[in-house]
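Student: This is the structure I want to talk about, given as structure tokens.
Just so it is clear, none of the values below were taken in a lab; they were calculated from the coordinates. These figures come from a predicted structure and were not determined experimentally. Heads up, the Cβs are rebuilt from the backbone with ideal geometry, glycines too, and the neighbour counts pull from every protein chain shown.
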2 protein chains.
Amino acid sequence: MIEASGRKEVIDEQVSLGGLESTVGFILRLAQVAVFKDLLAALKPFDLRVTDLSVLLVIEATPGLQQRAIGEVLRIQRPNLVTIIDQLETRGLVRRGPVPGDRRAYALSLTPAGEALLKKAKAAHARHDRKVLDALGDLDKDRMLAALERIAAL
Amino acid sequence: MIEASGRKEVIDEQVSLGGLESTVGFILRLAQVAVFKDLLAALKPFDLRVTDLSVLLVIEATPGLQQRAIGEVLRIQRPNLVTIIDQLETRGLVRRGPVPGDRRAYALSLTPAGEALLKKAKAAHARHDRKVLDALGDLDKDRMLAALERIAAL
DNA sequence: GCATTTTGTTATGAGTACTAATTATCACAG
DNA sequence: CTGTGATAATTAGTACTCATAACAAAATGC
């Protein structure tokens, strides 16, 4: 997706980006890719992808949740969620329990193993997030997030 | 990639995101996806993808550029660039000329048709960028970009 | 009771990006 | 000038993500 970039440290040379470099969208993409990459590396010891972590976090926050609800908040299509939950269930991290009044749906919850792994993964995630926050510098986090949310709502 | 989200306008319900919602990385992804989507729609009339536009912009800014150099600044792998240039060349927007001292490489430049299309696409891009900028609100653009660049350099 | 909707599932295809290997050319040491 | 290694572009094969369509089972509503 992204290239090593500075092998020879002869970056930039004198190649212009044609105005792209001062574009919010372009920098946004670079930043997003960098964050994603860093988090991916931080989660590697736990064999979790970024999506896996977010799913685990949502289930932890609201146990008994159905797959559809998770897909809605995390913007994951239902078919894709099936595979994700399948894998987490196979690894014994997540349980598909019955929903009292609905025999179609599953009430998702973390197993003890899932909780244990998530606890460690959360620590790694916190370290990663701190790193990103530090890179923010003097910029106020809340105002930054508010601006990004407005962009996300375009 | 992203879901329609508010079909029923019963968003959020009372489902917690487990702390994810105040995470820079998560919001960053949402923002990036939204920007990408908006730009994609803005470029649709010209049958250009986001990557195509950035390639055209770079070529316009520095004509005679080689594929390798473009890949470097835009973070596109060389093999992927071949296909992109192939398509642009087939459409008569870009020309692969000879490089004076090197018969391996191509000197890329825009054809008149490429310049004409780019001019129109740039106008659409400018409108899109203005939209994103407006969403930024009170936040200073330069400080925002500087912060994002620091994140990108993680 | 019957049509419609909803949940999860399966199958499948489009799009994108990565790696490895190939060809042609270049740079340079001997 | 010759051979060795590096470089530009290409090709082929693979993997991953994401999206759509169709489906069965169960729920809902008239």
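Student: Suppose we keep just the alpha-carbon trace of segment A:34-83; what are its Rg and Dmax in angstrom?
Tutor: 11.7, 33
Student: How many nanometers, to one decimal and shortest first, lie between the label point of B:Gly64 and those of its other copies, if labels sit 7 Å from Cα toward Cβ?
Tutor: B:Gly64 label point versus its equivalents elsewhere: 7.1 nm.
Student: For A:Lys37, go through the lysines and keep the ones whose alpha-carbon is under 30 Å away, minus same-chain ones fewer than eight residues off.
Tutor: A:Lys8, A:Lys119, A:Lys120, A:Lys122, A:Lys131, A:Lys141, B:Lys37, B:Lys44, B:Lys131, B:Lys141
Student: If you count, for each residue, the other Cβ atoms within 10 Å and average over each peptide, how do B:18-30, A:79-91, B:42-54, A:24-36 line up from highest to lowest?
Tutor: Highest to lowest by the protection proxy: A:24-36, B:18-30, B:42-54, A:79-91.
Student: Shifting gears a bit: Under a Cβ-only charge scheme (Lys and Arg +1, Asp and Glu -1), can you give me the dipole magnitude of segment B:27-110 about the Cα centre, in debye to the nearest 20?
Tutor: Its charge dipole is roughly 200 debye.
Student: Here's a follow-up. Using DSSP H assignments, which helices in chain A have an axial alpha-carbon span of 20 Å or above and a mean Kyte-Doolittle hydropathy of 1.6 or higher?
Tutor: TM-like helix candidates: A:24-43.
Student: Just tell me how shielded A:45-54 is by partners: mean number of partner chain Cβ atoms within 10 Å of each residue's Cβ, no decimals.
Tutor: Neighbouring Cβ atoms belonging to other protein chains average 1 per residue here.
Student: Something else: How far is B:Pro98 from the same spot in each other copy, in nm, shortest first, if each label point sits 7 Å from Cα toward Cβ?
Tutor: Spelled out, the distances from B:Pro98's label point are 8.0 nm.
Student: Now for a different question. With chain A rotated onto chain B, spot the residue of A whose Cβ lies nearest the axis and note the distance in whole Å.
Tutor: Taking the axis that maps A onto B, the answer comes out as A:Gln32, 2.
Student: Right, something else. Can you check what the Kirkwood hydrodynamic radius comes to for segment A:47-152, Cα pairs only, in Å to one decimal?
Tutor: 15.3
Student: A follow-up question, please. To the nearest 20 debye, what charge dipole does chain A have about its Cα centre, counting +1 at the Cβ of each Lys and Arg and -1 at the Cβ of each Asp and Glu?
Tutor: 660
Student: Place the label 7 angstrom along Cα→C-beta at B:Pro79 and in each other copy, then list the distances from the first to the rest in nm, shortest first.
Tutor: Label point to label point, same position, other copies: 2.6 nm.
Student: Which value at 222 nm does the protein assembly as shown reach when only helices count, each DSSP H run of 4 or more adding -39,500 (n - 2.57), with the total divided by all residues and rounded to the nearest 500 deg cm²/dmol?
Tutor: Helix-only estimate at 222 nm: -19000 deg cm²/dmol.
Student: Kindly state, as a whole number, the per residue volume in cubic angstrom of the convex hull around the alpha carbon atoms of the protein assembly as shown.
Tutor: 158
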